[in-house]
Amino acid sequence: MPGTGSSTTSGQNRNYVTNDGRASTFGRSLVQYIQNRLPYAGDVEDQTLNPKYKFFAKAGMRRAEALARASVSSSNPYNNLPVGEFGKDTTFQDVMYASAQDDKGGRLRDYRIMAAYSEVADALDEICDETINPDDSGFIAKLQFKNVDLTVEEKGVLDEEFDKYVTYFDLKNRGWEFFRQLLVEGEVFFELIIHEGYVDDGVLGVINLPAEIIDPVYNNIQNMLVKGFIYRKPIFSPSNPAKVEKIEFIPMDQNQIVYVNSGVYNDTKNFVVPFLENARRPYRQLSLIEDSIVIYRLVRAPERLVFNVDVGNMTPPKAEAYLKKLIQNYWSRKTFDLDQNDVVKKFNPQSMLDAFWFAKRSGQEGTEVRQLDGGANLGELSDLMYFIKKLYRALKVPSVRLDPEQSVEAGGTSILREELKFARFVMRQQERFAAGLKRGFITHLKLKKLFEKFDLNETNLEVVFNVPTNFYELRENQRLELKAGNYTSLAMDEYLSLIHISEPTRPS
């Protein structure tokens, strides 16, 4: 059984066996890691299926792996196989993160169906519309420098490279689509494209990969450290293009893919779930309540008649026969009967306009016919609006945006607080996407040898998106007005100095 001892391990892999006889993932490349664990290990070769693997393996950010090797919780001399690591040496499903659930494609289709629901689609549109905000110069994302001493020319070179790099993503035209994909599917993958003959030119472009055919492989599920990716490339039959002959599993280095996820996992942390998962229950409830309202209206909408028939002093059997005769006369229709080969009158028992017949004794009023109203509360939609607001709350969208014709007072405290929370949620989504862009940009700089040339580290660069322009900026302006008003009122006090006096230094 593979992975149970070191006696059957080859000399190449013997160095990666721990004291307890189990294989460790530390200090091993992604390809070796997969080869030792998959049944198709002989087919996984980085030089043939992924010839550019070697270029990305030498670039990008490796700080997370270095920290994991130095961590007490993730690595120690007694057990180098942390809890939850994919090291069971069984099948492909045990290695791939998202394939821990059998049908990832089915799960994504379910989320896409949810996203096509009108109310959910409107809420997602509200979120995505706030994520892409071009500034006065037309820039959507910017590069910032922190704790680094660079000349103006060096910053200009980095800014120029960043502008070229971020242009590949076409955020102005497709950024809205990428953020919606992140909210609906929970994962966004971009392959960084380089030319083998011109590696020094860095990244030449990016390609958005479908989330259902690529999965991250985790070196340590305990701290969610991505070691690489597996791309399941379908090979179609030459005779039947609609048929997939086989699937090629192509390993990709972590620096070869720009990976952004929602940061939310299922209860057992087996796979990533999108933000849309928060709205699953309200979505189901809303769809069911809408269907029930339609059914109720169809059943209760027709107005029925109530006949109170005077039967005098007839005995109950005669009264019943008399009622049946009246029913037959009033509620029958002419139709052709094949058995009698003639036109006959037949009662239609399935009519939506069935009436109610009641016998009334002598001494009361004569025969009376009155109208029975339909459903009295057909026009009330309070229950439906409750679930719509619940759906919007689950998606973090302010409920005031339900009615596009509703006027919003900018100075309203309650509305502003709700919009401010929504703006902060949008900013969190922007920060997750910006972190993925930053990792790809560092890979680009390392391929061009600029990262080492300018003596940079990962904390010196930050990628930021423009904040939502509506209520967030309004709130910032209000804060500045309050500070300016406080300063003006204090400056008019003759007993206060206009010059700031620093606090005296405390003696050591």
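The values are calculated or read from the model by the stated rules, or taken from the named source; none is laboratory data. Since the model is a prediction, treat every value here as computed from it, not as a measurement. A quick note on method: Cβ atoms are made from the backbone with ideal geometry, for glycine too, and the neighbour counts reach across all protein chains shown. Only protein heavy atoms, including side chains, enter the accessible area calculation; ligands, DNA and RNA are left aside. Shrake-Rupley method; radii C 1.70, N 1.55, O 1.52, S 1.80 Å.
What strands (runs of 3 or more DSSP E) completely inside region 122-232 contain at least 2 residues that are closer than 16 Å to E431 by Cα and at pLDDT 90 or above?
141-145, 187-193
Got a number for residues in region 318-361 being modelled with pLDDT of 70 or more and part of a loop (DSSP other than H, G, I, E, B)?
Residues flagged as modelled with pLDDT of 70 or more and part of a loop (DSSP other than H, G, I, E, B) within region 318-361 amount to 4.
Out of all the residues in region 246-298, which are of a type in the set (A, V, I, L, M, F, W, C), in contact (Cβ under 8 Å) with a residue 60 or more places away in the chain and either open to solvent by 60 Å² or more (accessible area, probe 1.4 Å) or within 22 Å of V426 (Cα to Cα) (or both)?
Matches in region 246-298: V258, V260, V264, V272, V273, F275, L276, A279.
Against the condition on the phi > 0 side of the Ramachandran plot, of a type outside the set (S, T, Y) and either open to solvent by 70 Å² or more (accessible area, probe 1.4 Å) or modelled with pLDDT of 80 or more (or both), how does K449 come out, does it pass?
Against the criterion (on the phi > 0 side of the Ramachandran plot, of a type outside the set (S, T, Y) and either open to solvent by 70 Å² or more (accessible area, probe 1.4 Å) or modelled with pLDDT of 80 or more (or both)), K449 qualifies.
In this structure, is Y283 over 30 Å from L183 (Cβ atoms), in a helix (DSSP H, G or I) and among the hydroxyl-bearing types (S, T, Y)?
no
Quickly run through region 255-272 and pick out the residues that are closer than 12 Å to G186 by Cα and modelled with pLDDT under 90.
Across region 255-272, the qualifying residues are G263, V264, Y265, N266, F271, V272.
Looking at (1) modelled with pLDDT under 75; (2) more than 30 Å from E277 (Cα to Cα), which one does T315 not meet, given that it meets all the others?
Result: T315 passes all but (1).
Name, by its number, the condition in (1) out of contact with any helix residue (DSSP H, G or I) (no Cβ under 9 Å at 6 or more places or on another chain); (2) not in a strand (DSSP E or B) that does not hold for K246.
The failed condition is (2).
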